[in-house]
Structure formats: structure tokens, C-alpha cells
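Presented below is the structure to which this report refers.
The values are calculated or read from the model by the stated rules, or taken from the named source; none is laboratory data. Given the structure is predicted, the values throughout are model-derived calculations rather than measurements. For neighbour counting, all protein chains shown are included, and Cβ atoms are generated from backbone atoms with ideal geometry for every residue, glycine included.
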Ligand SMILES: C[S@@+](CC[C@H](N)C(=O)[O-])C[C@H]1O[C@@H](n2cnc3c(N)ncnc32)[C@H](O)[C@@H]1O
């Protein structure tokens, strides 16, 4: 499967063992493991769980969910708390392998940078009250998903949009993926970077053009109604005293 001439699995940063460990930490480390005694905001930790719990409408009955760009799977497992059939898809084989290990064993150890060459060991664990057998994982490309995927009551795309080589191709597939009356949960910081997306394919982000949030609304509005909009902060730890703080725009859309 080919993403584009300039972006392939060989150059994909999400395939490296360090990124697997970093994402395991981002998705599963407890706040005290990440913060130690530093004054960092606890409300920005646990993004992979919050993106589900703050966007999902729990009053809508849902029997199936798709987590596209699932990385190492924490949002997929979180969806499985209330949804009996969850599929997590990611382009990275290394991330899907880690997700499968978590499904089978419930834990996976990793090492993340502490300072210089010193590292911190930790163990990612799936909470015992989540039925891991509800979740399945597979590799796939968000802009070229297999045609026989069917549709889902809930589709989650967390911090995926601005990592795609052609975000519009993904948006155009969404009406097929979300069942009528179903929910599309989207989170994105609109961090457009040439490294991932050629600038002419950014959805917004041009000096004299519209804001990305407005472009998103325009592209989705013929098939979806915007129902809920929130700010979703997240913290990615680089080392024990350095964190990347981002704020994704979180939205829930109802399929018309
Ligand atoms: C910024 S991470 C977000 C991961 C996770 N959803 C989260 O919120 O923590 C982007 C994820 O999208 C995946 N990804 C990038 N391009 C993709 C594509 N074309 N198809 C599917 N997944 C892709 C990456 O491997 C990575 O796991």
C-alpha cells in the first residue's frame, strides 16, 4: 500500500521503537509517573481516554466503533467500556503490534527518556474492567481504507487529520463510515506541517484563507450536523522536564 511518493512506511516516524514507547507512555502512564513532583496540569493528562469520554454521547445506543489512527490503542479500549465491537486501525505496523500485545497480555513495558541517556521504565496496562476481547486491531490507511469495512455507530479520529498526506480524501470517506444517526468524534490541533501534508492540501492554515475549523465545518456539513465542540488539551512528555502542550479542537458530529 503506498501513501504518496514522499511518505511511505520506510520514512514513517510512527514505526520507530522509541515512538512506540513514547505513545505507550502518552496513552497509558499514570499522571504521577509523567509528572513526578513537577507542577504540570493534571487536566491535560489522559488525552486518549478524555477524547472518548468528553466527546461520546453515551445516551445514543452504539454497537460498533472505529478508532482510526488508533496508535497504541488506548482510545479503542476506552470505547470498549460501552461499545461491544471496536476496531482500531493505524498505518503503523509497530503501533498495531503493540496494541495486539496489550489486547493479548493486558500489559506492555516501555522505556521513555528521563534526561540525557537516562531512561524511565514503565508498564502500560489495560484496566481490568475493560473487556479486551471487544477490540480488534488492523493496519490500514485512513485515506485508502478497505472498501468492505462497512459502517459504524461511532467513528473516532483523534489527532489524525493533520498527519494525513491528503486529509480531504479521509473526510470524503466519512459519510460511508458513519452509520445514519451515528457519531463522528474528531479531535485536531490543526498542526499543519509540510512533513506530513503538502501545503496545498491543508484544510485552512493559509495566510489569507479561512480558519481550519471553518473549512472542516464546510467540508462536513452536507452529511453531518455539529453537535458538540470543546477544547481538549494534551501533554506529550519529551523528557522528565520537557513537555509539549497542545489543545485540540474536539467536535462531535451527527450523521444525517
Ligand atoms: C498524532 S498520532 C494520534 C494517535 C491517537 N489517535 C491519539 O490521539 O493519541 C497520529 C496517528 O495516526 C497514524 N497515522 C498517520 N497516518 C495515517 C494514515 N494514513 N492512516 C492511518 N493512520 C495514520 C499514526 O501512525 C499515529 O498513530
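Points worth noting:
- Pairs where the first residue, in the range 30-56, is closer than 22 Å to residue 121 by Cα and the second is part of a loop (DSSP other than H, G, I, E, B) and within 16 Å of the ligand (Cβ to nearest atom), C-beta under 7 Å, 6+ apart: 31/45; 34/45
- Residue check for residue 193: under 26 Å from residue 46 (Cβ atoms), at pLDDT 95 or above, within 16 Å of the ligand (Cβ to nearest atom) and out of contact with any helix residue (DSSP H, G or I) (no Cβ under 6 Å at 6 or more places or on another chain): yes
- Within the range 164-185, restricting attention to residues that are surrounded by 19 or more Cβ atoms within 10 Å (Cβ to Cβ) and over 21 Å from residue 12 (Cβ atoms), the residue that is farthest from the ligand (Cβ to nearest atom) is 182.
- Identity of the residue in the range 15-35, assigned to a loop (DSSP other than H, G, I, E, B) and more than 14 Å from residue 238 (Cα to Cα), that ends up farthest from the ligand (Cβ to nearest atom): 30
- Only one of the numbered conditions (1) within 14 Å of the ligand (Cβ to nearest atom); (2) in contact with a helix residue (DSSP H, G or I) (Cβ under 9 Å, 6 or more places away or on another chain); (3) within 30 Å of residue 31 (Cβ to Cβ) is not met by residue 96, and that is (2).
- Residue check, residue 219 in contact (Cβ under 8 Å) with a residue 12 or more places away in the chain and more than 20 Å from residue 59 (Cα to Cα): yes
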